[in-house]
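The values are calculated or read from the model by the stated rules, or taken from the named source; none is laboratory data. The structure displayed is predicted, hence computed values, not measured ones. Cβ atoms come from the backbone with ideal geometry, glycine included; neighbour counts cover every protein chain shown.
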Amino acid sequence: MNVLKKIESHFKKVFLTLGYNSEFAKVSFSSRPELCDFQINSAFSIAKELKQNPMDIAQKIAESANCKKYCVSAYPPAFINIKLTNQELSKLANKLRSEPNLGLDPLTQKKSILLDYGGANVAKELHMGHLRSPIIGESLKRLYKILGHNVISDSHLGDWGLQIGLTIAQLEEEKKLDFYFNKAGKEPIITLDMLNEAYPKASARKKYDTDFKKKADDYTLFVQNKVEPYFSIYKKIRENSVKKIAENYEKLNCHFDLWYGESDAEPYLEKTVQIFKDKGLARYSDGALVVDVARPGEHIPIPKKNPYDRQLYKNPMPPAIIKKSNDGDLYATTDLATILMRNQDFKLDEIHYIVDNRQSTHFEQVFRCAKLSGISPKKQVLLHVNYGTMNGKDGKPFKTREGTTIKLEDIISLLTKTALDRLEKNDIIGNNKLALQIGVAAMKFGDLCNQISKDYVFDLDKFLSFEGKTGPFIQYTFARIGSLLSKAKDFNINDYSINIEKDIERTIILNCFKLIQSYYISYQEKSLCPLTNALYNLASSYSTLYSNVKILSEKNSSKKNSLLSLSILVKEHIEQALNVLGIDAPEKM
Ligand code: ARG
């Protein structure tokens, strides 16, 4: 139910009778809740058009619009304030629960959207820096679904790049791959610990050891060309990594329809490159194949100091490299081939990539290449949903005190342990499952409640608090309502009926409507921030009622029924919203 549209329809009629353009009847939630529930601000615009006094217009509208349902008044300088009567608000409140998804109407234009998120790299440990994509991506997926879209989620693992060559080169030098290279000894079990040790070493080494870097490049190419034993080693590494990645994603409530990686686009790589060649879109530059994607005006060369300098550009949108000079594939190549593959497998209106801000240029290049070449049809929307960095309290990307990145596994353990300690205060001892649910809620809500493109500070203690704008607070409110309802033995669900009397009850219902609206705003903004805010406001208004009113000992039985009904509605709204955020709603806390 779109409550704003409902009220608007009344005002549209009024506007028409008064001879005003009904398009001006735009209702919004009040910015001054102490004065009214909703407002219309367009008296100013109408007055300007008709060259009349805005307050006079507001007054005329208020007089004509006043009715049994709505108390309408003009407020200086020319606002139109609307307050619903308790009776009307109760009527709307009672309808909500009988509607699908508690009044959350599906969008009229249903689309097929593929969401590319997670993006974990095999051979590298999942660490804190990899958290935002799965958290944001999973909740966007759930949001799109509840609004009626067809959604496909793909983990798009990083499994075709240099990290593979680096890791193999390192492990080989450590003589851990003798079985493959020298047919010596038993087949080794390539554990994740081995990879975790090898990759950072190799990654540091490639910066100063050019021979090693060359080797890693060659090995990457061998894997990409399925040369043995490199390819078999690669497959083992991938298998072990993916198992672990999947386990961790599971703990975070992140589920994928497709567990594809860059490597799955391999059969499409050659074709992709050929399209660019055939269409005359690619040229060779220093042996590499590149596509010029800059638009007129963007590609401003900085004069070279001497002829041997590399060309630099001002405000550059550099050419996209689609083949290395050693014929290896790059990140852009696999991304383009993946678009080709996806468009062959599915009919997609949109593809959204939930990836770090720092890859903005990469995606802009890939999107332009995809459009130039026709790999992505004209009408298809390619969108980079970019997010900021998760920082430590020092404002820098989150690291341990020793300056190393924290493994995702370790942060999950830390969250669980801290939640366990916190639960002890509520006399809940040793419930690991619940502690994990709370820990994950803390982390996810702490992330999602920020403006998506901004950096934010990861503050575990704050996120885990049972008070304030946190995941655990919302869960706690949910659990408290559950426990209240379980004690209301004499309440029969057939008596469900909300009868609003007090201001706090009005606020709660209005917050339910605002929560409903926030799903659409979150969808528009591709950010869960509006939803988390609205959810918090709802939970916190309910908490006010809970602390001030003894619902169970209410003498008047119809009043008690109404309060319990209101509690049920709030509980269900919280559960639905938490579910969209990918956060569990435990019954007890
Ligand atoms: N594996 C990449 C990284 O760690 C993220 C993948 C994002 N998705 C994509 N289609 N490029 O940076």
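Quick look at the values:
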{"quantity": "Restricting segment 349-358 to residues that are within 13 Å of the ligand (Cβ to nearest atom) and modelled with pLDDT of 95 or more, the residue that is surrounded by the fewest Cβ atoms within 10 Å (Cβ to Cβ)", "calculated": "352"}
{"quantity": "Some residue of segment 484-495 being charged (D, E, K, R) and free of Cβ contacts under 8 Å to residues at least 24 places away in the same chain", "calculated": "yes"}
{"quantity": "Helices (runs of 4 or more DSSP H) enclosed by segment 122-212 - at least 1 residues per element that are closer than 30 Å to residue 100 by Cα and within 16 Å of the ligand (Cβ to nearest atom)", "calculated": "132-146"}
{"quantity": "Odd one out for residue 572 among (1) crowded, with 19+ Cβ neighbours inside 10 Å; (2) closer than 24 Å to residue 489 by Cα", "calculated": "(1)"}
{"quantity": "Any chance residue 371 is of a type in the set (D, E, K, R), away from the ligand (no atom under 13 Å from the Cβ), part of a helix (DSSP H, G or I) and over 21 Å from residue 462 (Cα atoms)", "calculated": "yes"}
{"quantity": "Selection status of residue 410, within 27 Å of residue 244 (Cβ to Cβ), acidic (Asp, Glu), surrounded by fewer than 16 Cβ atoms within 10 Å (Cβ to Cβ) and more than 18 Å from the chain's Cα centre (by Cα)", "calculated": "yes"}
{"quantity": "Filter pass, residue 79 being touching a residue at least 12 places away in the same chain (Cβ under 8 Å) and surrounded by fewer than 17 Cβ atoms within 10 Å (Cβ to Cβ)", "calculated": "no"}
{"quantity": "From 425, 417, residue being surrounded by fewer than 17 Cβ atoms within 10 Å (Cβ to Cβ) and free of Cβ contacts under 8 Å to residues at least 12 places away in the same chain", "calculated": "425"}
{"quantity": "Among residues of segment 112-121, those that are surrounded by fewer than 24 Cβ atoms within 10 Å (Cβ to Cβ) and within 10 Å of the ligand (Cβ to nearest atom), counted", "calculated": "2"}
{"quantity": "Which numbered condition residue 31 fails, given (1) without any contact (Cβ under 8 Å) to a residue 12 or more places away in the chain; (2) assigned to a strand (DSSP E or B); (3) small (Gly, Ala, Ser)", "calculated": "(2)"}
{"quantity": "Test set (1) touching a residue at least 12 places away in the same chain (Cβ under 8 Å); (2) of a type in the set (Ser, Thr, Tyr); (3) out of contact with any Lys or Arg (no Cβ under 9 Å at 6 or more places or on another chain) - residue 404 fails condition number", "calculated": "(1)"}
{"quantity": "Sole exception among (1) charged (D, E, K, R); (2) within 13 Å of the ligand (Cβ to nearest atom); (3) surrounded by fewer than 21 Cβ atoms within 10 Å (Cβ to Cβ) for residue 379, by number", "calculated": "(2)"}
{"quantity": "Of residues in segment 15-25 being without any contact (Cβ under 8 Å) to a residue 24 or more places away in the chain and under 16 Å from residue 64 (Cα atoms), the one surrounded by the fewest Cβ atoms within 10 Å (Cβ to Cβ)", "calculated": "19"}
{"quantity": "Residue 480, sole failed condition from (1) within 26 Å of residue 132 (Cα to Cα); (2) surrounded by 13 or more Cβ atoms within 10 Å (Cβ to Cβ); (3) in contact with a helix residue (DSSP H, G or I) (Cβ under 7 Å, 6 or more places away or on another chain)", "calculated": "(1)"}
{"quantity": "Filter result for the condition that a residue is surrounded by fewer than 15 Cβ atoms within 10 Å (Cβ to Cβ) and within 30 Å of residue 97 (Cα to Cα), over 12, 51, 5", "calculated": "5"}
{"quantity": "Residues located in segment 279-299, provided they are more than 33 Å from the chain's Cα centre (by Cα) and surrounded by fewer than 11 Cβ atoms within 10 Å (Cβ to Cβ)", "calculated": "280, 284, 286, 287, 296, 297"}
{"quantity": "Pairs, first on the phi < 0 side of the Ramachandran plot and aromatic (Phe, Trp, Tyr) in segment 323-338, second within 9 Å of the ligand (Cβ to nearest atom) and part of a loop (DSSP other than H, G, I, E, B), C-beta under 7 Å, six or more apart", "calculated": "331/161"}
{"quantity": "Hey, residue 109 away from the ligand (no atom under 16 Å from the Cβ) and either within 30 Å of residue 519 (Cβ to Cβ) or without any contact (Cβ under 8 Å) to a residue 24 or more places away in the chain (or both) or not", "calculated": "yes"}
{"quantity": "Pairs, first farther than 25 Å from residue 126 by Cβ in segment 159-183, second more than 16 Å from the ligand (Cβ to nearest atom) and hydroxyl-bearing (Ser, Thr, Tyr), C-beta under 8 Å, six or more apart", "calculated": "180/232"}
{"quantity": "Residue count for segment 359-368, restricted to those that are closer than 15 Å to residue 282 by Cα and more than 12 Å from the ligand (Cβ to nearest atom)", "calculated": "1"}
{"quantity": "Residue in segment 359-371 that is acidic (Asp, Glu), over 25 Å from residue 266 (Cβ atoms), under 26 Å from the mean Cα position of the chain (by Cα) and at pLDDT 95 or above present", "calculated": "no"}
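Residue-by-condition table, conditions (1) under 18 Å from residue 578 (Cβ atoms); (2) at pLDDT 90 or above; (3) not in a helix (DSSP H, G or I):
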{"residue": "400", "(1), (2), (3)": "no, no, yes"}
{"residue": "419", "(1), (2), (3)": "yes, yes, no"}
{"residue": "433", "(1), (2), (3)": "yes, yes, no"}
{"residue": "437", "(1), (2), (3)": "yes, yes, no"}
{"residue": "445", "(1), (2), (3)": "yes, yes, no"}
{"residue": "462", "(1), (2), (3)": "no, yes, no"}
{"residue": "467", "(1), (2), (3)": "yes, yes, yes"}
{"residue": "477", "(1), (2), (3)": "yes, yes, no"}
{"residue": "483", "(1), (2), (3)": "yes, yes, no"}
